[in-house]
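The values are calculated or read from the model by the stated rules, or taken from the named source; none is laboratory data. This is a predicted model, so every value here is computed, not measured. FYI the Cβ positions are ideal-geometry reconstructions off the backbone, even for glycines, and counts take in every protein chain you see. These area figures cover heavy atoms from the full protein model, side chains too; ligands, DNA and RNA do not enter into them. Shrake-Rupley method; radii C 1.70, N 1.55, O 1.52, S 1.80 Å.
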Amino acid sequence: MTRVPLERSDKKIFSESDLMSLSMPLWVMDLDQSRLVWANDAARKLWQAESLEELYSRNFEADISNTVASRLEHYRTASHESGQTFKELWTLYPEGKPCAYQVQISGHPLPDGRIGLRFEANPDSNRLPEQIRSAEALNHIPICISLYDMDGEPLYKNPAALETYGDAMLTLRGRFVKRSDYDKFVRGIRKGRSVTKICEVQTDKGKRWHEITGRRCFDGPTGQAACILTESDVTELKEKENRVRYLAHYDMLTGLHNRNYVNSHYPEMIELAFRGNERLVFMVVGLDHFKSINETLGHPTGDALLKHVASLLQLSLDEDDHIARLGGDEFVIVRSFRSTAELDVCCQTLLAAINSECCVGDHILSANASIGLVLFPEHGSDLPTLLRHCDLALHDAKDSGRNTYRFYRPALQQAALAKRSLEKDLARAVENGEFVLYYQPRVDCQSQKVVSAEALMRWQHPERGLVFPGEFIGALEDTGLIHKVGDWIVDRAGRDQRTLSRNGYNIPISINISPRQFERSDFVNRLKAGLAKTQCPADCIEIEITESMLMGETFDAKSVLMDLCRAGFSIAVDDFGTGYSNLAYIQEYPITSLKVDRSFVNMIEEQSSVINLILSLCRLIGISAVAEGVETIDQLAWLRMNHCDQYQGFLYSRPVPLEKLQELMTSSHQLMMKSRLPATLDSEVIWA
Ligand code: C2E
Ligand code: CA
Ligand code: CA
């Protein structure tokens, strides 16, 4: 048996045998073991133990609810730190009958230095059964119940409240973290209302969120007006709610507000600006070529770049400015402004900041951005309109070469409407088969014979007549219709080539391929399968691609070209000279001809050295040089003199329907053409 010396002042008055024989039950508990370590005889009887040994061997853990256990723990700490004692009304069962006891609880040192709890149980026989039950219930519920007088001085706290707030004398004001919460309660209660609110409170364990209900009542013993507060801890719920709200309103990557937040909070900001007669600018910042950064350097680098740009943009903000990430690589900044000149400076600063080199992961990057600006109220009065116009202005900035900014103007809206209507029209045109192929002959510079023809698409519009590809190729690409139309072109060109061949003009036909088609993984197979249906052999088809399609970093153009070559197609590089003009590259690819862009031929005199360089290159690597857009006899004469192989142009013929192309190839027509064109190579005559 462990002896626990009772060391307080009472020891001086009572010997252990006195305590043992005291009629008031008295016991000491080791809270950590849930066992009694000392009890007097009255306590032994109260706990209905045969002997003290039997009592000390009992484990009380199962009899102590979690609420009571945590409260006792609190008492132990509080009595150890500040010598406090606590009183509770308990129901105990001596001889199996319920009996009320006023139990005084205080800390008590154990032989090994730890602190136990000492219980002194005073029978309280005056209690009514209802009182006993309610006191018992109060002991066990985790809800805090407290009573204050109307000045906020404490009258009563149930054990849970005592445990939560520690200080029995804590006033009503003292518990609220925010003065406004306290004021709200007091005001409501004074008016006789019941007030319920989730507030932050200062507890013994730090700041917590409590749902508190307060209402007016009377203090039983005095009959004075009082208020009663019941409260439960909802911190976990509140934190979850805060997290959900955070996730709903913030972008996880950059920590900026997200589009959801913009949609729910910006309308109010616009309303305030409207009432205050304030002008706002909405600036949508979009990174240039972000997609290819993501694709070439990987998504983690893309993400790091977005974070970097987000922090740059944040640095540029004034206190009252707003910023959010709209999604992808687009951010919106909203601020008030006085003059557009001020905005010019702001945009230039932003673009320069984004353009400066930064270290992202293992890469040194310098991003470019485009900015679309929309002014409130001039360019729109509500959020959806303003954001839509931002989008148009941003696209305008991108169309203007990127790394720049553009203000919204109504023409952009008209263009967007026209584009939408064009896209709708095109979908119909694809369904109705409104496209036709025209052919422009490609002619041998020396012999003036048609050696091949380029298929050029036309749209036979039911109302507008013949529409040229410059008006609709972009829209076909944007809508993805280009794939269906591309298949049709292969089919049509293949069949037309067969017709030509059957009629004795077995010349190859060139078809133009858009980057969207070229970059699809099934491009070559689709082309081969489509052509096979027409029975046109691949070596009667030349594929025209532009220089920029060779340079894509993310995409292996060379292997596609090798596949095409293996399948028997010839390959021409179209519009040569307008793109990267990397002559060294050309040798690495299985290319059969270079088409010198019309812009050079147009200025043949000024550009003669460049054209000559291209012509020499072609000769060097053994491919044909084709001059595009030849309109004058002088141009042709120059080309002949400088040994250009072939040409295309209005001089010989505009693109024409198939029947007309066949006419152009009749021997009589070719003889007539030859007689019209210069036979001489005497440059003196031409340039004189
Ligand atoms: P491109 O491939 O460079 O085609 C040559 C363009 O120059 C054609 O315009 C042709 O009519 C025009 N042209 C030919 N000779 C002369 C000339 O002497 N002077 C002038 N000023 N122009 C001349 P078109 O037919 O309007 O086609 C424009 C562009 O549309 C083509 O440029 C090509 O990039 C694209 N395109 C045309 N048909 C197709 C097609 O079937 N598929 C794809 N993907 N693109 C096509
Ligand atoms: Ca072409
Ligand atoms: Ca061309």
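Work out, step by step, the length gained on full extension between residue 654 and residue 464: first 0.36 nm times the residue separation, then minus their alpha carbon distance; give nm to one decimal. Could the numbers behind the result be given before it?
Values: separation 190, 0.36 × 190 = 68.40 nm, distance 2.00 nm.
Length difference between fully extended and current span is 66.4 nm.
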Label points 7 Å out from Cα along the Cβ direction at residue 388 and residue 602: separation in nm? 3.6
Sort out for me the Cα centre separation of the stretch 195-225 from the stretch 46-78, rounded to whole Å. 30
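Could you pull out the pairs from 291/558; 87/197; 528/558; 184/205; 97/157; 45/87 whose alpha carbons sit more than 20 Å apart here?
Details: 291/558 22 Å; 87/197 30 Å; 528/558 18 Å; 184/205 24 Å; 97/157 28 Å; 45/87 22 Å.
Table pairs above 20 Å Cα-Cα are 291/558; 87/197; 184/205; 97/157; 45/87.
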For the stretch 91-105, 3J(HN,Hα) per residue [Karplus equation, 6.51 cos²θ - 1.76 cosθ + 1.60, θ = phi - 60°, Hz, x = Gly/Pro]: 9, 10, 10, x, 6, x, 10, x, 8, 7, 9, 8, 9, 9, 10
Taking Cα atoms, the helix 66-82 axis meets the longest principal axis of the chain at an angle in degrees (rounded to 10) of 70
Return the FRET efficiency for the residue pair residue 424, residue 667: r is the Cβ-Cβ distance, R0 is 51 Å, and the value is rounded to the nearest 0.05. 0.60
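Provide the per residue accessible area, probe 1.4 Å, for the stretch 250-408, rounded to a whole number of square angstrom.
Details: 7670 Å² over 159 residues.
It amounts to 48 Å² per residue over the stretch 250-408.
Pulled fully out, how much extra length does the chain show between residue 273 and residue 548, if you take 0.36 nm times their separation in residues and subtract their Cα-Cα distance? Before the final figure, lay out the partial values.
Working: separation 275, 0.36 × 275 = 99.00 nm, distance 4.68 nm.
Value of the extension gain: 94.3 nm.
In the stretch 567-654, which chymotrypsin sites (Phe, Trp or Tyr not before Pro) are in a loop and have at most 12 other Cβ atoms within 10 Å, using DSSP for the loop call? If you can, show how the numbers build up before the last one.
On the way: sites: 569, 576, 580, 585, 600, 638, 647, 650, 652; in loops: 569, 580, 650, 652.
Hits after loop and neighbour filter: 580, 650.
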Each residue of the stretch 287-304 in turn: what ³J(HN,Hα) in whole Hz from Karplus with 6.51, -1.76, 1.60 and θ = phi - 60°, glycine and Pro shown as x? 6, 7, 6, 5, 4, 6, 4, 4, 6, 7, 9, x, 5, x, 5, x, 5, 4
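Please give the length that would be gained between residue 631 and residue 487 if that part of the chain were fully extended, namely 0.36 nm times their separation in residues minus their C-alpha to C-alpha distance (nm, one decimal).
48.7 nm is the gain from fully extending residue 631 to residue 487.
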When the solvent-accessible surface of protein heavy atoms is calculated with a 1.4 angstrom probe, in what order do 531, 170 fall, highest first? 170, 531
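Within the stretch 230-294, list the trypsin sites (Lys or Arg not before Pro) lying in a DSSP loop whose Cβ has at most 16 other Cβ atoms in a 10 Å radius. All intermediate terms of the calculation are to be shown ahead of the outcome.
Working: sites: 238, 240, 243, 245, 259, 275, 279, 291; in loops: 279.
Hits after loop and neighbour filter: 279.
So for 114, 175, what's the accessible-area order with a 1.4 Å probe, most first?
Details: 114 70, 175 0 Å².
Greatest to least solvent exposure: 114, 175.
Over the chain, what is the relative contact order in whole percent, taking alpha-carbon pairs under 8 Å and six or more residues apart? Kindly include the intermediate steps, with their values, before the conclusion.
On the way: 1129 pairs, mean separation 42.1, N = 688.
Rounded, it is 6 percent for the chain.
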Please give me, ordered by residue number, the GluC sites (Glu not before Pro) of the stretch 463-511 that lie in loop per DSSP and have at most 11 other Cβ atoms within 10 Å. 463
With R₀ set to 60 angstrom, the calculated FRET efficiency between the beta-carbons of residue 610 and residue 243, to the nearest 0.05, is 0.45
Kindly sort 61, 231 by accessible area of their heavy atoms, largest first, with the probe set to 1.4 Å. 61, 231
Within the stretch 115-153, which residues have the backbone N less than 12 Å from the label spot 7 Å out from residue 64 along Cα→beta-carbon, could you tell me? 115-119
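So if R0 is 41 Å, what FRET efficiency would residue 32 and residue 150 give, r being the distance between their Cβ atoms, rounded to the nearest 0.05?
Details: r = 43 Å, r/R0 = 1.05.
So the FRET efficiency works out to roughly 0.40.
Given contacts defined as C-alpha pairs under 8 Å and at least six residues apart, what's the relative contact order of the stretch 393-451, whole-number percent? Numbers along the way, then the final one.
Working: 24 pairs, mean separation 9.9, N = 59.
Once divided by the residue count of the stretch 393-451, the mean separation gives 17 percent.
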Which whole-number percent is the relative contact order of the stretch 513-567 (Cα, under 8 Å, 6+ apart)? 43
Using a cut-off of under 18 Å, list every residue of the stretch 356-370 whose amide N is near the label point 7 Å from the Cα of residue 403 along the Cα-to-beta-carbon line. 356-359, 364-370
